[in-house]
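Any read-out appearing in this document is the output of simple, stated calculations on the displayed coordinates, not a laboratory observation. Since the model is a prediction, treat every value here as computed from it, not as a measurement. Here the Cβ positions follow ideal geometry from the backbone for every residue, glycine too, while neighbour counts run over all protein chains shown.
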Amino acid sequence: MRRYRFGRIATLIALGYLAVVAVLGAFALTTDRGDLLWKIVTRDSGMSWFLGPGEETLTVPWGLTVVLILIGALQAWALWQVLRGRARGELTHRGRKVGLLRLALYLSIGYSLISIASIPLIHAWKIYWVWSVTEIASGFVQLAIVWLFFLVLRGTVSHRLRLFSLIVGTIAVVSNLGQEITDLFDLHSAEQILTLAGGYGYVWLAWSVSILIAQAKDPRWSAATVRIGVIAQAISVLQPSGMVSFGGNGFPSILTVYTLLGAVSVFGLVWDARTAHELTAPLPQPDAGHVPVRPAARWWPLAAVAIALPLIPAAVNLAHGNGTLRPRAAKGGIGFSTGGTRPLVTIADGAATRLIGWDKPLPAPEVTGSKAIYRGTVADGDLVLEALPEGFSQQIVLHRRPERPGRLTMPLTLPKGVKYAQTAKGALRVTGPDGDAAATTVPTAR
């Protein structure tokens, strides 16, 4: 049985975490109070989204509790993989560059673990600027990793693959660094340009895939490490990077899926850790007269992964988005149009759906934070929709003073028997067939 440098300490920490998850899981199954289990396993600070009116504790269904316990076991395995260190034995000297790459990888892993552990403190103290500062520091570490991989892989993979990974990795890291810096100083226009330069994260994905291909060809890394890396990239592209709608009480299915995906996204840490561990692991001793040869990596699985991974988010968006932007900030299943003849605003509440239209085709919106800006929708002006916790706001931003009064027509589609009426004070509300306020509410446009 293989032994590792910090294997015992890693085992104790992993078993301790697993024991905590098991105890909280048993408590949730017997009392239906799974708020602490949910918070520890998912690291989710937005639990208030799931609470109903007057609720202070979270009731987790038993099926979801079992899933959370299994995810907790996966996280315990990941902790052991990260903390166990390299295999015991004589340390193989492979040069200064390898040592620096291992150091940079371990610094990146340490930053990720500290970030996860500090989420409750940052939310409690409201020191959100810490994330921007630490992300900038982490960006410089990532840039060092990109360049060190280029140097360490010399002699094991082709120069073209190394050069490709160096270029796309540098572009991705510099783009991300620029986004963090511009966001810190509220330079939103520059931030949008840098986001576009980074390909919305797909340039970094291209770098990761190139490293996986290199690892598959390099005998220093095991096939298990390559497989874990592929899983890490698959999970990363399944997670939403844009806006996703959720709201209401209980557990909305799509939010639950995305939150659980975030909870199982530990494979990236494991991939980084195993990459660092195996760089200087003791080399296997060949038998007399026998030189071990690792079978040549088959090209097609990794090539297929490189082609298929970028297509997964598009498929997810087609399946769930239907050409609609889904703001995180807004409750009530609100969606904004992505342009064309689609409804301007879609408000879904169970089986009931309300549509707010526009009197002509819309341009593709510019998305900035929680705002969707439709340029040129009115004469010398733009239409701005902003997602809010209680609904959404709607504004017309004019670039110059109009010469005469204008009028806007916005078609409204409501479920059968439901009307959009005004109160005595002029406020808008949803009414049922009898004229009383409907049981379901519609966020009021402002």
Original post:
Which distance in nm do the two modelled labels at I136 and L74 give, with both placed 7 Å along the Cα-to-Cβ direction?
Top reply: 3.5 nm
**OP:** Please go through the residue pairs K39/K217; K126/K371; K97/K217 and name each one whose alpha carbons sit more than 29 Å apart in this structure.
**Re:** K39/K217
Subject >> Inter-label distance, nm, simple model (7 Å from Cα along the C-beta direction), S265/S118 >> reply: 1.9 nm
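Say R0 is 41 Å: what FRET efficiency, to the nearest 0.05, do R160 and Y111 get from their beta-carbon distance?
On the way: r = 31 Å, r/R0 = 0.76.
Rounded to the nearest 0.05, the efficiency is 0.85.
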Subject >> Volume in Å³ per residue [convex hull over Cα atoms, computed for segment 167-208] >> reply: 46 Å³
Original post:
Quick one: what do you get for segment 126-201 if you divide its Cα Rg by 2.2 N^0.38 Å?
Top reply: 1.27
Original post:
At a Förster distance of 60 Å, what's the computed FRET efficiency of T30 paired with R404, Cβ-Cβ distance as r, to 0.05?
Top reply: 0.30
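Go through 64-72, 18-26 and give me the packing order, highest mean Cβ count within 10 Å leading.
On the way: 64-72: 18.2, 18-26: 16.7.
The peptides rank, most packed first, as 64-72, 18-26.
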